[in-house]
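Down below is the structure, laid out as structure tokens.
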Amino acid sequence: MTNPVPDFQNEDEEREFWATHDSTDYVDWTQARRAVFPNLKPTTRAISLRLPESMLEELRQMANQRDVPYQSLIKVFLRERIDQEYRSPVVAERKAGYRAGKQK
């Protein structure tokens, strides 16, 4: 049996409560379901990236052929490469070795 969650006057009060209390005393996590928010846009951050002019020109040409902004194409290429790296057996071995090293 879980304790009832108190009523809060504002978010600050609620934040303070959860910072000092364990949620397992108030929520039955075995009944929890994963929430999906498909319409949320991920938070983005602007960065400065220096690229050789020739590479940037190639990216712009490829983006133009695909009728997309070149910065969007760069993001697609980065996402594909990141996904490829995480699927790589070498990366999996590195992760396993890292985890084993952390457990010592």
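Can you tell me which of Ile82, Ile74 is free of Cβ contacts under 8 Å to residues at least 60 places away in the same chain and surrounded by 11 or more Cβ atoms within 10 Å (Cβ to Cβ)? Before the answer, list the steps.
Working: Ile82 fails: surrounded by 11 or more Cβ atoms within 10 Å (Cβ to Cβ).
That would be Ile74, the only listed residue that is free of Cβ contacts under 8 Å to residues at least 60 places away in the same chain and surrounded by 11 or more Cβ atoms within 10 Å (Cβ to Cβ).
Considering only residues that are among the β-branched types (Val, Ile, Thr) and part of a helix (DSSP H, G or I), which ones fall in the range 1-21?
Restricting attention to the range 1-21, the residues satisfying the condition of being among the β-branched types (Val, Ile, Thr) are 2, 5, 20.
Once the filter is applied, which keeps residues that are among the β-branched types (Val, Ile, Thr) and part of a helix (DSSP H, G or I), the range 1-21 yields only Thr20.
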I'd like the full set of residues that are loosely packed, with under 11 Cβ neighbours inside 10 Å, under 27 Å from the mean Cα position of the chain (by Cα) and among the aliphatic types (A, V, I, L, M), limited to the range 49-67. Leu49
Take the residues in the range 86-101 that are more than 19 Å from the chain's Cα centre (by Cα) and of a type in the set (D, E, K, R); name whichever of them is modelled with the lowest pLDDT. Arg99
Determine if the range 64-85 includes at least one residue that is at pLDDT 95 or above and hydroxyl-bearing (Ser, Thr, Tyr). yes
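The values are calculated or read from the model by the stated rules, or taken from the named source; none is laboratory data. Please read these numbers as outputs of a predicted model, since none were measured by experiment. Backbone-built Cβ (ideal geometry, glycine too); neighbour counts: all protein chains shown.
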